1. Test residue 153 against the criterion of being under 24 Å from residue 29 (Cβ atoms), out of contact with any strand residue (DSSP E or B) (no Cβ under 7 Å at 6 or more places or on another chain), in contact (Cβ under 8 Å) with a residue 24 or more places away in the chain and surrounded by fewer than 14 Cβ atoms within 10 Å (Cβ to Cβ), and give yes or no.
2. Quick check on residue 84: is it under 30 Å from residue 154 (Cα atoms), part of a loop (DSSP other than H, G, I, E, B) and either in contact with a strand residue (DSSP E or B) (Cβ under 8 Å, 6 or more places away or on another chain) or in contact (Cβ under 8 Å) with a residue 60 or more places away in the chain (or both)?
3. Could you look through the range 114-127, keep only residues that are out of contact with any strand residue (DSSP E or B) (no Cβ under 6 Å at 6 or more places or on another chain) and surrounded by fewer than 17 Cβ atoms within 10 Å (Cβ to Cβ), and pick out the one that is farthest from residue 164 (Cα to Cα)?
4. Quick check on my filter: what residues within the range 29-42 are in contact (Cβ under 8 Å) with a residue 40 or more places away in the chain and either in contact with a strand residue (DSSP E or B) (Cβ under 7 Å, 6 or more places away or on another chain) or under 20 Å from residue 115 (Cβ atoms) (or both)?
5. Kindly list the number of the only condition in (1) more than 23 Å from residue 145 (Cβ to Cβ); (2) in contact with a helix residue (DSSP H, G or I) (Cβ under 8 Å, 6 or more places away or on another chain); (3) part of a loop (DSSP other than H, G, I, E, B) that fails for residue 21.
6. Take residue 74 and tell me if it is surrounded by 17 or more Cβ atoms within 10 Å (Cβ to Cβ) and touching a helix residue (DSSP H, G or I) at 6+ places or on another chain (Cβ under 9 Å).
7. All but one of (1) modelled with pLDDT under 95; (2) out of contact with any helix residue (DSSP H, G or I) (no Cβ under 6 Å at 6 or more places or on another chain); (3) surrounded by 12 or more Cβ atoms within 10 Å (Cβ to Cβ) hold for residue 93; which doesn't?
8. I'd like the full set of residues that are under 17 Å from the mean Cα position of the chain (by Cα) and more than 26 Å from residue 33 (Cα to Cα), limited to the range 86-111.
C-alpha cells in the first residue's frame, strides 16, 4: 500500500500472511521510536532472522480479569487496550498513516480502517520490540517488548490500568 507518515496502525494489524515489502522509507517515520530509519530497520532484522514468516503477524488476546484487549504484532509491537474489542475491530488498521495521494481520504484504501480513538480510556499502551532470543532445544523464540512512554490522558474508567507495566 502506498502510504506515508506513521505506519504503526498499518503494521500492527498486519494479517496472517508474510510481510512482503516496505518501501518509500524516505517518507515514513521510523517504525520504532527514538531511532533513525536505518536503526529501526536493523532492529526489525532481529526477529526477521528468527521467524521471517511470523514477522508482524497479528494475534489478539484478552485478559478477562482486567478487561483488556492485547494485540501482538510479532517482532514489532504489543498494544494493550482497556476494554474488550472484537477481533474484527482489532484487525482493522488504525489510521495513524496517510494516503500517498494527498487528495484521497481514508475511503480510498483497498481495505477498511478505523479512526484513532479520541477517548482517552481507549488509547493503547504501546510496547515496541526490544530483543529476542531463540532456544534451539525447545524450538521456542522469546521476545521482549518495552513500553513507549508517552503522556496518557487521564482515564476515569474504574478498571485496571496498564500504566505500571514496563515490559511484556
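1. Spelling it out, residue 153 is indeed under 24 Å from residue 29 (Cβ atoms), out of contact with any strand residue (DSSP E or B) (no Cβ under 7 Å at 6 or more places or on another chain), in contact (Cβ under 8 Å) with a residue 24 or more places away in the chain and surrounded by fewer than 14 Cβ atoms within 10 Å (Cβ to Cβ).
2. In short, yes.
3. Among those residues, the one meeting the criterion is 115.
4. 32, 33
5. Of everything listed in (1) more than 23 Å from residue 145 (Cβ to Cβ); (2) in contact with a helix residue (DSSP H, G or I) (Cβ under 8 Å, 6 or more places away or on another chain); (3) part of a loop (DSSP other than H, G, I, E, B), residue 21 misses just condition (2).
6. So residue 74 fits the description; yes.
7. (2)
8. 86, 87, 88
The values are calculated or read from the model by the stated rules, or taken from the named source; none is laboratory data. If you're wondering where the values come from, they're calculated on a predicted model, not measured in any experiment. Because the Cβ atoms are built from the backbone with ideal geometry, glycine has one as well, and the counts that use them run over all protein chains shown.
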